[in-house]
Amino acid sequence: MYIIIVGLGGIGRNLAKQAIEHANNVVVIDQDEARCTEVLEHYDVLAVTGNATDKTTLEEAGIERADAMIATTSDDSVNLMTCWLAKKFHVPNVVSIVNQSSHSDFFKEVGVRISENPDELVASRLYYWTQNPQLQQLASIPGGTIFEIVAEQGAPIVGHEIRELKVKDFVFIAIRRSAGELIIPSGNVKIQPNDIFTVFTKKEAEDDCLRLLNKQLKKSSD
């Protein structure tokens, strides 16, 4: 794929690294010449110094043949204008971060796939880890969260069937066993120590979900 990445902050640099590792042709755009020079020292990319809201800059980056464009700057107005231009150039896949969730509707009107407020997502993940050391948040999606949680040795529900687990406003996607076995759970599957549950919960039910799961899947500290 031919991918254009706009913005060479932390997200943009990491995206460039991942895209290159997956054997894509990558072009990066940033107004800061020093950032462009730095990325050229580390990665095999084409770096364009300029304003991505300028049609000429996008043409220099090869927008006409791009398969995807990702806007990652900290300025939503720049991201939005860049995405709008990419749509005008008929780029098949246009993606952007949105720094302020109140701006999300503008991007959706243009037809852009978005990731809302990356700083908030990181903060949310860090909070979950401090409250639940065994929990790994996998993704925050519109309307809910997907995460993993481990059934600890000695937890109340270990040795019981899944049907006995008290649940509310969430569903299990899969259970992974320590030996690597993956199970699509049914009611008669017996929970074993160190089973890893992949769970989806609605956004408004996250606290109740975690409280219920921790009570049943974690060993009592008493």
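The values are calculated or read from the model by the stated rules, or taken from the named source; none is laboratory data. Small disclaimer: the values here were computed from a predicted structure and weren't measured. For neighbour counting, all protein chains shown are included, and Cβ atoms are generated from backbone atoms with ideal geometry for every residue, glycine included. Each accessible area value is taken on the protein alone, full model and side chains, heavy atoms only, with ligands, DNA and RNA left out. Shrake-Rupley method; radii C 1.70, N 1.55, O 1.52, S 1.80 Å.
Overview of values
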| item | result |
| --- | --- |
| Odd one out for residue 213, checked against (1) free of Cβ contacts under 8 Å to residues at least 12 places away in the same chain; (2) closer than 29 Å to residue 115 by Cβ | (1) |
| Looking only at segment 77-90, and only at residues there that are among the hydrophobic types (A, V, I, L, M, F, W, C) and surrounded by 22 or more Cβ atoms within 10 Å (Cβ to Cβ), the one that is nearest to residue 112 (Cα to Cα) | 83 |
| Of all residues making up segment 51-76, the number that are more than 23 Å from the chain's Cα centre (by Cα) and either open to solvent by 80 Å² or more (accessible area, probe 1.4 Å) or within 25 Å of residue 116 (Cα to Cα) (or both) | 11 |
| Matching entry among 34, 16 (being in a helix (DSSP H, G or I) and surrounded by 15 or more Cβ atoms within 10 Å (Cβ to Cβ)) | 16 |
| Selection status of residue 170, under 29 Å from the mean Cα position of the chain (by Cα) and open to solvent by 50 Å² or more (accessible area, probe 1.4 Å) | no |
| Conditions (1) surrounded by fewer than 15 Cβ atoms within 10 Å (Cβ to Cβ); (2) more than 21 Å from residue 100 (Cα to Cα): number failed by residue 47 | (1) |
| Extreme residue, nearest to residue 90 (Cα to Cα), among residues of segment 1-13 that are open to solvent by 10 Å² or more (accessible area, probe 1.4 Å) and part of a loop (DSSP other than H, G, I, E, B) | 1 |
